[in-house]
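Participant: The structure that follows is given in the form of structure tokens.
The values are calculated or read from the model by the stated rules, or taken from the named source; none is laboratory data. Owing to the predicted nature of the structure, the values given are computational and were not obtained by experimental measurement. Because the Cβ atoms are built from the backbone with ideal geometry, glycine has one as well, and the counts that use them run over all protein chains shown.
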Amino acid sequence: MGASSTGTLHLIVFLLLGLGMRAQAMTTVTAMIGDTVTLPCEANLFGDLNLVSWRVRLTDTSNEQLLSYSPSNSKTEMKNIPEYKDRILLNKNFFLNITDVGIKDERVFSCFTLVGSDIDEVPVALKVYKAPLTPEIMEPAAFLDEGVLQKVGVCVVNNTYPMPNITWQHNDDNVDLNSPDINVTNNGEENVVVTDHYELINVTQEDTGEYTCSEQDNPNIKGGVTVTVHYLTLTMNPNQNISKMVGENITLDCLASSSGTVDVTLMKKNKVYQTPLRLDSLQYMHSGTYTCSARLREVKEMKREKAIMIRVEGKPKITKLTKKIVNNTKVITCVVEGFPKPVVQWSINGTAPREESVKDKKSQWNHKITVQPSENITVTCIATNAHGQDQDTVNLTAMRFKEPEDETLEQDPADPTDEKSDSKTDQAKVIVGVIVGLLIAAVIAGVIYWLYKKKSPTSKTKTNERGTADEIKKINKGDNNHTSGSSAV
């Protein structure tokens with residue numbers, strides 16, 4: 001009993017102090033997943049062997065004893081570690097056999113021996129592998145669109161361990177994965193699948209070709225896919241906004257370059273034009289945005305669009321200067337075209353009147369003023385912009401006078417009440433004329449009747465018969481006097 005206790009004490013002291021322990025370089029043993037591996041015990045086995053033990057490093061800080069063997073009683077004691085139950089065995093050389101190796105067995109094991117009073121422990125590292133299957137490129141790009149970031153494909157390596165280093169080739173040349181134009185992301189999942197995404201940032205026509213991926217340690221096992229770069233470039237001529245003068249010429253063209261058949265259209269406000277489009281003698285109506293569109297027939301999603309603004313400029317031109325009477329006033333209208341928008345000034349005998357609101361219609365501006373002249377005046381419309389000046393003059397008579405025949409007032413087509421007003425005025429004039437005519441006719445008829453009655457002999461006879469002798473004398477005398485007066489005229 002006492003001797004046994006002393007022996008145990010010596011063992012504990014030896015374990016704690018590690019007297020005589022020697023250090024050796026770590027041995028590495030490799031195994032394929034599912035295989036049976038044998039880990040050699042390289043600790044000292046010669047001499048008075050008292051104990052052989054195998055331990056495993058479960059974490060960075062803890063070691064767990066798997067089994068121990070005592071030569072004195074030839075007994076092997078197995079420790080209760082569930083994940084190694086029925087999977088480990090100590091052979092006759094004190095080597096450790098592990099069956100059905102898995103990824104979790106990739107650990108550091110150590111063989112511990114006690115020979116006499118010397119302790120020896122040598123670690124053995126177990127590396128586990130699983131041979132990769134042939135890489136596959138999944139989600140291959142049907143085509144690449146030139147100039148943008150696009151994914152070529154996903155290289156998938158199934159059932160492999162550890163995670164392989166995947167390389168990419170383009171037309172059998174290794175791709176420089178450090179290039180700023182390439183983006184590779186790795187989404188490895190232990191023992192299940194390893195994916196490698198390969199993306200091109202600035203795709204060019206030269207990127208057309210076969211792309212392959214392989215595991216770096218097995219370059220001959222590779223998967224590949226052929227990718228075609230479809231490209232479509234579109235430019236306009238001219239290629240930027242432009243200003244032209246009225247009367248000048250310009251030609252617009254859409255220039256497309258593509259990897260296939262391309263349809264090109266030139267439009268302005270939903271109206272399609274043939275290209276090239278030649279515009280001769282530019283007018284203000286030609287101003288606007290012209291858009292070129294190109295679409296690749298082989299790839300409906302691929303299209304391009306360019307647009308430019310054409311601005312037609314010209315010096316001011318007064319296209320119309322009119323006058324009309326409205327509500328006992330005279331409205332003067334000055335219609336001006338030109339671009340940039342002309343500044344319009346009015347002058348009435350040298351003074352500036354107040355202008356009404358301006359109406360804008362494309363490149364025409366409608367300016368109006370209203371006056372009530374008490375005397376004859378001269379009205380001038382002056383239009384000015386960066387390209388020049390134009391002016392026109394109209395003479396107005398005072399409101400109390402009728403306009404001269406050579407200055408007939410123009411009716412404003414935008415004011416429908418003018419025609420009705422004129423119609424009512426004409427009707428009133430006709431009615432007044434008829435009434436005046438009837439009155440004149442009545443007066444003339446009355447005068448004629450009176451003269452007729454006055455000269456009638458019947459009237460005189462009746463008067464003589466009714467009157468006295470004195471009255472007859474007076475009448476005769478009056479007649480004589482009247483006859484004498486008439487002779488005088």
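Participant: When you go through (1) in contact with a Lys or Arg (Cβ under 6 Å, 6 or more places away or on another chain); (2) modelled with pLDDT under 70; (3) not β-branched (Val, Ile, Thr) one by one for GLU146, which number turns out not to apply?
Facilitator: (1)
Participant: Go over the candidates VAL154, VAL124 one by one and state the one that is β-branched (Val, Ile, Thr), at pLDDT below 90 and crowded, with 16+ Cβ neighbours inside 10 Å.
Facilitator: Details: VAL124 fails: at pLDDT below 90.
One residue alone meets the criteria, VAL154.
Participant: Something else: For GLU313, state whether it is of a type in the set (Asp, Glu), closer than 29 Å to ASN241 by Cα and touching a residue at least 40 places away in the same chain (Cβ under 8 Å).
Facilitator: Working: of a type in the set (Asp, Glu): yes; closer than 29 Å to ASN241 by Cα: yes; touching a residue at least 40 places away in the same chain (Cβ under 8 Å): yes.
Yes.
Participant: Being of a type in the set (S, T, N, Q) and over 45 Å from the mean Cα position of the chain (by Cα) is the filter here, so list the residues in region 333-358 that pass it. If you could, list the steps in order and put the result at the bottom.
Facilitator: Taking region 333-358 and keeping what is of a type in the set (S, T, N, Q), we get 333, 345, 347, 349, 351, 357.
Matches in region 333-358: SER347, ASN349, THR351.
Participant: Cβ-Cβ under 9 Å, sequence separation 6+ or interchain: first residue in region 374-388 and farther than 12 Å from PRO342 by Cα, partner among the acidic types (Asp, Glu). Which pairs?
Facilitator: THR380/ASP392
Participant: Restricting attention to region 26-61, and to residues there that are among the hydroxyl-bearing types (Ser, Thr, Tyr) and not in a strand (DSSP E or B), which single residue is modelled with the highest pLDDT? Working first, answer last.
Facilitator: The first filter runs over region 26-61 and keeps only residues among the hydroxyl-bearing types (Ser, Thr, Tyr), leaving 27-28, 30, 36, 38, 53, 59, 61.
Now restrict to residues that are not in a strand (DSSP E or B): 36, 59, 61.
Working: THR36: 93, THR59: 80, THR61: 78.
For region 26-61, the residue satisfying everything is THR36.
Participant: Okay, moving on. Which residues, counting only those in region 292-311, are more than 20 Å from PRO340 (Cβ to Cβ) and either buried (at least 16 other Cβ atoms within 10 Å of the Cβ) or not assigned by TED's automatic domain parsing to the domain that holds LEU255 (or both)?
Facilitator: If the condition is that a residue be more than 20 Å from PRO340 (Cβ to Cβ) and either buried (at least 16 other Cβ atoms within 10 Å of the Cβ) or not assigned by TED's automatic domain parsing to the domain that holds LEU255 (or both), then CYS292, SER293, ALA294, ARG295, LEU296, VAL299, MET302, ARG304, LYS306 are the ones that fit.
Participant: While we're looking at this one, here's another question. Any residue at all in region 287-296 that is over 30 Å from THR261 (Cβ atoms) and either touching a strand residue (DSSP E or B) at 6+ places or on another chain (Cβ under 6 Å) or not β-branched (Val, Ile, Thr) (or both)? Give the derivation first.
Facilitator: Initial filter on region 287-296 (over 30 Å from THR261 (Cβ atoms)): 287.
Then keep just the ones that are either touching a strand residue (DSSP E or B) at 6+ places or on another chain (Cβ under 6 Å) or not β-branched (Val, Ile, Thr) (or both); that gives 287.
Yes - at least one qualifying residue is present in region 287-296.
Participant: Related question: Give ASN218, ASN241 a once-over and let me know the one that is of a type outside the set (Gly, Ala, Ser), at pLDDT below 85 and out of contact with any Leu (no Cβ under 8 Å at 6 or more places or on another chain).
Facilitator: On the way: ASN241 fails: at pLDDT below 85.
Result of the check over ASN218, ASN241: ASN218.
Participant: Consider only pairs whose beta carbons are under 7 Å apart and that are at least six residues apart or on different chains; among these, list those whose first residue lies in region 232-243 and is free of Cβ contacts under 8 Å to residues at least 40 places away in the same chain and whose second residue is surrounded by 14 or more Cβ atoms within 10 Å (Cβ to Cβ).
Facilitator: Going by the 7 Å Cβ cut-off, the qualifying pairs are ASN237/ASP253; ASN237/LEU255.
Results for (1) of a type in the set (Gly, Ala, Ser); (2) in contact with a Pro (Cβ under 9 Å, 6 or more places away or on another chain), shown as yes or no for each residue.
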site: THR251; (1), (2): no, yes
site: LEU255; (1), (2): no, no
site: GLY260; (1), (2): yes, no
site: LEU266; (1), (2): no, yes
site: SER281; (1), (2): yes, no
site: ALA294; (1), (2): yes, no
site: GLU298; (1), (2): no, no
site: ARG304; (1), (2): no, no
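Participant: Here are VAL124, VAL108, VAL101: which of them is in contact with a Lys or Arg (Cβ under 6 Å, 6 or more places away or on another chain) and within 19 Å of VAL37 (Cα to Cα)? Don't jump to the end; show me each part of the working.
Facilitator: On the way: VAL124 fails: in contact with a Lys or Arg (Cβ under 6 Å, 6 or more places away or on another chain); VAL101 fails: in contact with a Lys or Arg (Cβ under 6 Å, 6 or more places away or on another chain).
None of the other options fit; the residue is VAL108.
Participant: Cβ contacts < 6 Å: first residue in a loop (DSSP other than H, G, I, E, B), restricted to region 62-90; second residue of a type in the set (Ser, Thr, Tyr), any location; separation 6+ or different chain. Result?
Facilitator: Every condition considered, the pairs that remain are ARG87/THR99.
Participant: Considering only strands (runs of 3 or more DSSP E) fully contained in region 321-387, which possess at least 1 residues that are farther than 22 Å from HIS286 by Cβ and not charged (D, E, K, R)?
Facilitator: Values: elements: 329-339, 343-348, 359-361, 364-371, 377-385.
Strands (runs of 3 or more DSSP E) meeting the threshold: 329-339, 343-348, 364-371, 377-385.
Participant: Are there any pairs with C-beta distances below 6 angstrom linking a residue in region 166-179 that is in contact (Cβ under 8 Å) with a residue 40 or more places away in the chain and farther than 11 Å from TYR211 by Cβ to a residue that is surrounded by 13 or more Cβ atoms within 10 Å (Cβ to Cβ) and among the small types (Gly, Ala, Ser), with the two at least 6 apart or on different chains, and if so which?
Facilitator: From region 166-179, the pairs are THR167/SER214.
Participant: Also, I was wondering about something else. Regarding THR226, is this residue assigned to a strand (DSSP E or B), surrounded by fewer than 15 Cβ atoms within 10 Å (Cβ to Cβ) and at pLDDT below 75? Please lay out each step first, then the result.
Facilitator: Numbers: assigned to a strand (DSSP E or B): yes; surrounded by fewer than 15 Cβ atoms within 10 Å (Cβ to Cβ): yes; at pLDDT below 75: yes.
The answer is yes for THR226.
Participant: Which pairs turn up if I take residues in region 354-366 that are assigned by TED's automatic domain parsing to the domain that holds CYS334 and look for partners that are loosely packed, with under 15 Cβ neighbours inside 10 Å and charged (D, E, K, R) with beta carbon separation below 6 Å, at least 6 apart in sequence or on another chain?
Facilitator: Correct list of pairs: ASN366/LYS359.
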